[in-house]
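Colleague: Structure incoming, see below.
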Amino acid sequence: MILKPFRWLRDVGVLGMNRRNAEYILRFNPRSSFPLVDDKLKTKQLAEAYQIPTPPLYRVIKHHGEMARFEEMLGDYQDFVVKPARGTGGSGIVLVTGRTEGGFINQSGEVIPMKDLAYHISDILSGIYSLEGLEDRAFLEALVHPDTAFDAVTYRGVPDIRIIVYRGVPVMSMVRLPTRVSDGKANLHRGAVGVGINMGNGTTLSGVYRSAVVTHHPDTKEPVAGIQVRHWESILLIAARAVDMINLDFLGVDLVIDRDRGPLLLELNARPGLQIQVANQTGLLKRLESVDKAPREIFATPEIRVAWVLETFATPVSN
Amino acid sequence: MKRPAILLAAALLLISFAVISYRVIWLKYPILPPAPAKVWQLSMEAHVKGGEKETSAMIGLPSARRGQLVAEERIHSGTLNFTLLREGANRIGVWSGAVGPKDEVIGYSATIQVKPPRPFKNRTPPLEPYPPNVGEKDQAFIRRLVAKWDPLPPADRLRRVAAAMRGFWGIPPPEDQDLRAWEAFRDKHGRMTAFLVLLRAAGLPARTVEGLPLTESITGSTQTWIEVWTGQEWESLQPERGEIYQPPVPLLLLTTTGLPVIRVINGELSEARWTLNRGIISQWRMQFDRIMRSDRLLDRWSLFRLPEEFQKTFRILILVPIGALMICLLRNIVGFPTFGVFLPVLMALAFRNTGLAYGLGIFWGVVLIGYVVRRWIDKLRLLLVPRLSVILTLVIICITLFALLGNKLGLREFMAVGLLPFVILTMTIERFFVITEESGAREALRTAAGSAGVAVITYGILELEPLQLTFFVYPELLFAVAAVQVLLGRYTGYRLSELLRFRKFWRSS
C-alpha cells in the first residue's frame with residue numbers, strides 16, 4: 001500500500017535525497033573539489049581564469065582589523081553586495097542599493113547604519129555564516145542590475161537562474177524569483193518562487209512556491225509562465241563550461257543576468273537541491289539517465305553538449 | 001557500487017552470527033536470558049579482640065557447591081589482612097594482624113543462590129573411623145544394635161537409625177538392658193556423638209556440618225547438623241531429634257567435617273552476627289556468575305569481567321550504536337529533520353538520568369530560555385565565539401538553577417540535569433535561532449520536534465533492559481548493527497517525507 005506512491009515517484013523519475021547523495025554526489029563529486037565551490041571567492045577566481053564572466057569583485061575583507069578602515073575601503077562605490085565567501089543558502093548576503101549619510105540603503109529601501117553593516121561583516125569573518133563555523137572572508141562585489149525580463153515577477157532583489165549540470169550537460173533549470181517573504185533572496189527555502197524553464201528554448205514554465213505549484217507570483221500576481229529568458233544559449237554554455245574548470249559531475253550552477261553585462265556566474269553548488277523537479281514538474285532521474293545513454297560524441301565540447309540539450313530536453317509545448 | 005557494501009554487510013553479519021553460534025553451541029550460552037532467581041543475602045559482622053601477639057580469626061565462609069552459587073562477595077577487614085584458605089571442602093576466611101587496644105570490626109557479605117541440585121555422579125565418601133573416645137566394647141555393642149538393618153538400602157537404614165535416635169527401635173525392640181546401656185552411652189557422650197556412632201555402626205558415612213538456617217534472620221550463633229551419605233547424596237539431619245530435613249534443605253552450609261565456623265588464635269571474637277535476607281538476583285548477576293566461573297577465551301574476554309563500575313557504563317555505551325542506527329533510519333528512510341546528527345543520541349543518554357518527562361521539559365525549557373536570550377543578545381552585536389560562550393554560560397546557569405530548584409522541591413530528576421549535553425544544547429540554541437531567522441519559526445519548531453522525537457525513540461531503545469543484556473552478553477551483535485548501518489548507507493530509495501514533498505507528481509500521475 002505504502003509502496004505504491006514510491007513506485008509512482010520512480011515511474012515519474014523523481015530523484016530522491018538518498019539517491020542524489022549516494023549515486024550522484026558521492027559518486028561524481030570528489031570531496032577534494034568541494035573547497036572550490038564552498039568558497040565563492042575561489043570559485044570567482046577560477047571562473048576568471050577560465051574567462052567565465054562573474055560580477056566584478058570590489059573588495060575582500062580578511063581580518064577584523066580591516067574594518068577600522070571600512071569606510072575608506074568602500075571608496076565611492078554606491079551600490080554593492082556583501083557576501084561571506086563560505087556562506088550557504090544565501091545566508092549573510094546583504095544587498096546595498098545606495099548610500100546615505102553614515103549608512104546604506106538595502107533593496108527593501110531600509111537604511112542600514114554603518115556600524116550595523118560593520119557588525120555584519122565582523123560576523124561573517126567570525127564564521128557565523130560559514131559551513132562549519134570556520135573563520136571566513138567577506139567580499140564586496142558589484143550589485144547586479146537584473147535583466148528587465150523578470151521585473152514583473154520579482155519583488156525586489158535579484159532573480160537568479162539555477163542549472164543542474166550532469167557530466168557537463170545542463171539537464172534542468174529554473175529561475176528563482178525573490179518574494180516579499182524571501183526578503184530579496186533568491187533561495188527557495190527562504191520563500192523565493194522557483195519557476196521551471198523549458199531547456200529547449202529558455203521559456204519559463206509553472207512555478208513552485210513553498211511546496212505548492214503556482215502559476216502567478218505571490219506578490220506581484222503576474223503570471224510566471226511564458227517568459228523568455230534572454231541569452232539562453234550563452235547561459236547554457238556557461239553552465240556547460242563550468243564543468244571544465246572543476247571536477248564535479250553533478251553540479252548546480254547559479255547565474256544572474258545583468259542587463260548590461262549579460263549572464264554572470266554567481267556560484268557553484270556541489271549539493272544542488274531537489275525542489276527544481278517540482279518547479280519543472282519533471283523528475284531529474286529520466287534526464288540523468290538519458291545523458292548516460294547519450295552517444296559519446298556529444299560530450300566532446302561544451303558547444304556540442306549545449307546543442308544536444310536544446311534538441312533533447314525541449315519540454316513539449318502542450319505541457 | 002552497491003555490491004562491495006552488500007558484501008561488507010554480509011561479512012559483518014557472518015562474523016556476528018558465527019561468534020554468537022560459537023557461544024550458544026560450544027559455550028552453552030542461553031539464547032533467551034534466564035528468569036530472575038531468588039537469592040539470599042548473607043552478611044556477617046564480628047568484633048575481634050586481640051592480645052599482644054598477632055591475632056587470627058578464621059571463619060567458615062559459604063562456598064560454591066552443588067546447588068549453591070556464591071557471588072558478590074565483599075570483605076571488610078579494617079586494618080587486618082584477609083586471606084582465603086581451603087581446608088578440605090571448606091573455605092576459610094582468615095583475618096589476621098595485630099589488633100590494637102580497640103576492637104577491630106570484620107565483616108563479610110555475599111549473595112547466595114540456592115538452586116535445586118541436579119543429580120550427579122559422586123564417589124561414596126569413605127566411612128570415617130569411630131570417634132577416638134568410643135571404646136571397642138561400645139563399638140561392638142552399638143554395631144549389634146543396628147545389625148538387623150544391614151540388609152536395607154542406605155536411605156532406609158538412615159530412616160531406621162534416625163527413628164532410633166527418637167526412641168523408636170522398631171519391631172522387635174532391643175532387650176531392655178541394651179536400651180538402658182544405649183541411653184547411658186548417649187548421656188555419656190552426648191546426643192551428637194551418639195548419633196554419629198550409631199550412623200557409623202550402620203555403615204552410613206556421616207559428618208557434622210555447621211551453618212545457618214535459611215530464614216530471614218539475625219543470629220549470633222551457628223547451628224550444627226549432621227549430613228549422611230545415602231548412596232546418591234548427602235541428607236541432612238537435625239541431630240537432637242533425629243529429624244531428616246526434606247529437600248530443599250533450609251540450611252546454609254558454612255563448614256563441614258566437624259570444623260567449627262569460628263576459630264580465633266590469640267584473641268577472641270565477640271558480637272558475631274549473621275544476617276540473612278531474601279533477595280532477587282537480577283539477570284545480570286546470573287550471567288555474571290556463569291561467565292566468571294568459566295575460563296574459556298571468550299568468557300575471559302567478556303564484558304562481565306570488567307570492574308562493576310565500568311560495566312554500568314558499557315551496558316549503555318554498547319547500545320549507543322543502536323541509537324545511531326535509529327537516527328539513520330529516521331533521517332534517511334523516514335526523513336525526520338534533526339539538529340545535528342547525534343544530538344538525539346546524547347539527549348537520549350541524558351534522559352536516562354532525568355527521566356523522559358523531566359528530560360524533555362528541561363530540554364524545551366533550556367532551548368526556549370536560550371532562544372529568548374539569544375534574540376536579545378543579537379542586538380549587542382557580540383562576535384561569534386564570545387556569543388556562543390555567553391549562551392553556554394546561560395545554559396550552565398539554567399542547569400544549575402534547575403538543580404537548585406530540584407533540591408528545594410526534592411526532585412532528583414532536576415538535579416540530574418547536569419548530565420544534559422550542555423555543549424550540544426548551546427549549539428542547538430544557536431541553530432534554533434538561525435533556523436528561526438532564516439526559515440521561520442515553523443521550520444525551527446519542526447526541527448526541534450524532530451530532534452526531540454528521535455531522542456525519545458532512541459531513549460526507549462536504550463532503556464530496554466533485555467536488549468541491554470543481550471548486547472552485553474553478545475557484544476558481537478555490534479557487527480550486525482554495523483552491517484545494517486552499511487546497508488542503510490546504500491539505501492538510495494525515496495524517503496517517506498519525499499512522498500509528501502513530491503506529492504504533486506504522484507497525484508498527477
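None of the figures in this text is laboratory data; all of them are computed from the coordinates on show. Keep in mind that what you see is a predicted model, and the values were worked out from it rather than measured. Cβ atoms come from the backbone with ideal geometry, glycine included; neighbour counts cover every protein chain shown.
Colleague: Along the charge dipole of segment A:57-142, Cβ charges K/R +1 and D/E -1, which of A:PHE80, A:PHE70, A:GLY90 sits furthest on the positive end?
Modeller: A:GLY90
Colleague: While we're looking at this one, here's another question. Other chains' Cβ within 10 Å of B:487-493 residues: what's the mean? Walk me through the numbers on the way to the answer.
Modeller: Details: counts 0, 1, 4, 3, 4, 10, 7.
The mean count of partner-chain Cβ atoms within 10 Å per residue comes to 4.
Colleague: I would also like to ask the following. Which lysines, on any chain, are close to A:LYS221 with Cα under 23 Å apart, when same-chain ones fewer than 8 places away are left out?
Modeller: A:LYS185, B:LYS504
Colleague: Given the rule -39500 (n - 2.57) for each run of at least 4 DSSP H residues, summed and divided by the residues of chain B, what is its mean residue ellipticity at 222 nm, to the nearest 500 deg cm²/dmol? Walk me through the intermediate numbers first.
Modeller: Details: 18 runs with 244 residues, N = 509.
About -15500 deg cm²/dmol.
Colleague: Apply 1/(1 + (r/R0)^6) to the Cβ-Cβ distance of B:ALA10 and B:ARG446, taking R0 = 51 Å, and write down the FRET efficiency to the nearest 0.05. Present the calculation step by step, with values, prior to reporting the outcome.
Modeller: Working: r = 38 Å, r/R0 = 0.74.
Efficiency computed from Cβ-Cβ geometry: 0.85.
Colleague: Kindly put B:ASP156, A:ASP160, A:ASP38 in sequence by how many other C-beta atoms sit within 10 Å of each C-beta, fewest to most.
Modeller: Details: B:ASP156 12, A:ASP160 25, A:ASP38 21.
By the 10 Å Cβ count, ascending: B:ASP156, A:ASP38, A:ASP160.
Colleague: Name the lysines eligible as straight-distance cross-link partners of A:LYS62: C-alpha to C-alpha under 17 Å, and not fewer than 8 places from it in the same chain.
Modeller: Qualifying lysines at Cα under 17 Å: A:LYS40, A:LYS42, A:LYS44, A:LYS83.
Colleague: Can you sort A:ASP292, A:ASP39 so the residue with the fewest Cβ neighbours within 10 Å comes first? Please list the in-between numbers first.
Modeller: Details: A:ASP292 10, A:ASP39 21.
Ascending number of Cβ neighbours within 10 Å: A:ASP292, A:ASP39.
Colleague: Which residue fluctuates most in the GNM of chain A (Cα springs below 10 Å): A:ASP244, A:ASP151, A:ASP260?
Modeller: Per the Cα network of chain A with a 10 Å cutoff, A:ASP260 tops the list.
Colleague: Going by Cα centres, segment B:464-509 and segment B:137-153 are how many Å apart?
Modeller: 78 Å
Colleague: Using Cα centres only, tell me the gap between segment A:104-118 and segment A:1-29 in whole Å.
Modeller: Cα centres, segment A:104-118 to segment A:1-29: 43 Å.
Colleague: Could you give the dipole magnitude of chain B about its Cα centre, charging the beta-carbon of Lys and Arg +1 and that of Asp and Glu -1, in debye to the nearest 20?
Modeller: Details: 61 positive and 42 negative charges, 468 e Å.
Roughly 2240 debye for chain B.
Colleague: How big is segment A:194-319 by Rg and Dmax over its Cα atoms, in Å?
Modeller: 14.9, 46
Colleague: OK, next. Counting other beta carbons within 10 Å of each residue's own, what order do A:VAL14, B:VAL105 fall into, fewest first? Could you put the intermediate results ahead of the total?
Modeller: Working: A:VAL14 25, B:VAL105 14.
In increasing order of surrounding Cβ atoms, one gets B:VAL105, A:VAL14.
Colleague: Go ahead and estimate [θ] at 222 nm for chain A from helices alone: -39,500 (n - 2.57) per DSSP H run with n ≥ 4, summed, over the residue count, rounded to 500. Mind showing how you got there, number by number?
Modeller: Working: 9 runs with 83 residues, N = 319.
Only helices count here, giving -7500 deg cm²/dmol.
Colleague: I would also like to ask the following. Charges only on Cβ, +1 for Lys and Arg, -1 for Asp and Glu: so what's the dipole of the protein assembly as shown about the Cα centre, in debye to the nearest 20? Show your work: numbers first, answer last.
Modeller: On the way: 98 positive and 78 negative charges, 425 e Å.
Here the protein assembly as shown has a charge dipole of around 2040 debye.
Colleague: Which aspartates and glutamates have a Cα lying under 17 Å from the Cα of B:LYS188, excluding residues fewer than 8 positions away in the same chain?
Modeller: Once the sequence-local aspartates and glutamates are set aside, what remains near B:LYS188 is B:GLU136, B:ASP138, B:ASP178, B:GLU240.
Colleague: Along the Cα→Cβ direction, 7 angstrom out, place labels at B:TYR22 and A:GLU48. What is the inter-label distance in nm?
Modeller: Each label point lies 7 Å from its Cα, and together they span 6.3 nm.
Colleague: Mind pulling up the Rg/Rh value for segment A:61-180? Radius of gyration and Kirkwood radius, both on Cα. It would help to have the intermediate numbers written out before the result.
Modeller: On the way: Rg = 16.0 Å, Rh = 15.8 Å.
Expressed as Rg/Rh, it is 1.01.
Colleague: Would you compute the Debye intensity of the protein assembly as shown from its alpha-carbon atoms alone, equal scatterers and no solvent, and pass along log10 I(q)/I(0) at q = 0.11 Å⁻¹ to two decimals?
Modeller: Taken in order of the listed q values, log10 I(q)/I(0) reads -1.28.
Colleague: Between B:THR83 and B:GLU243, what FRET efficiency comes out of the Förster formula 1/(1 + (r/R0)^6) with R0 = 35 Å and r the beta carbon distance, rounded to 0.05? Walk me through the numbers on the way to the answer.
Modeller: Details: r = 38 Å, r/R0 = 1.07.
So the FRET efficiency works out to roughly 0.40.
Colleague: To continue, here is another question. Could you work out the mean count of beta carbons from other protein chains within 10 Å of each residue's beta carbon in A:17-29?
Modeller: Working: counts 9, 13, 5, 1, 3, 8, 4, 1, 0, 2, 1, 0, 0.
Partner Cβ neighbours, averaged per residue: 4.
Colleague: Say a paramagnetic label sat at a point 7 Å from the Cα of B:ILE461, along Cα to Cβ; which residues of segment B:325-342 have their backbone N under 16 Å from it?
Modeller: Of the residues in segment B:325-342, B:325-338, B:341-342 have backbone N under 16 Å from the label point off B:ILE461.
Colleague: Another one. Quick one: angle between helix B:136-146 and the longest Cα principal axis of chain B, in degrees between 0 and 90, rounded to 10, please.
Modeller: Between the helix axis and the principal axis of chain B, the angle is about 70 degrees.
Colleague: Another question, if that's okay. Return one quarter of the surface area of the convex hull spanned by the alpha-carbon atoms of segment B:313-473, equal to its mean projected area, in nm². Display every interim value, and only then the final one.
Modeller: Numbers: hull surface 40.6 nm².
So the Cα hull casts an average projection of 10.1 nm².
Colleague: Cα centroid distance between segment A:32-60 and segment B:205-235, in Å?
Modeller: The two parts, judged by their Cα centres, are 91 Å apart.
Colleague: For segment B:136-250, I need the span (max minus min coordinate) of the C-alpha atoms along each principal axis, in Å, sorted largest to smallest.
Modeller: If we take the Cα atoms of segment B:136-250, the spans are 45, 31, 24 Å.
Colleague: Separate question: Could you tell me the extents of chain B's C-alpha atoms along the three principal axes, largest first, rounded to whole Å?
Modeller: 112, 63, 35
Colleague: What FRET efficiency comes out for the pair B:LEU500/A:HIS64, r = Cβ-Cβ distance, R0 = 56 Å, nearest 0.05? If you can, show how the numbers build up before the last one.
Modeller: Numbers: r = 44 Å, r/R0 = 0.79.
Once the sixth-power term is evaluated, E becomes 0.80.
Colleague: Sticking with this one: So if I place +1 on the C-beta of Lys and Arg and -1 on the C-beta of Asp and Glu, and nothing else carries charge, what would the dipole magnitude of segment A:57-142 be about its Cα centre? I want it in debye, nearest 20. Kindly include the intermediate steps, with their values, before the conclusion.
Modeller: Values: 8 positive and 13 negative charges, 34 e Å.
For segment A:57-142, the charge dipole is close to 160 debye.
Colleague: Now for a separate question. Rg to Rh ratio, chain A, alpha-carbon atoms and Kirkwood radius?
Modeller: Numbers: Rg = 19.6 Å, Rh = 20.2 Å.
Rg divided by Rh gives 0.97.
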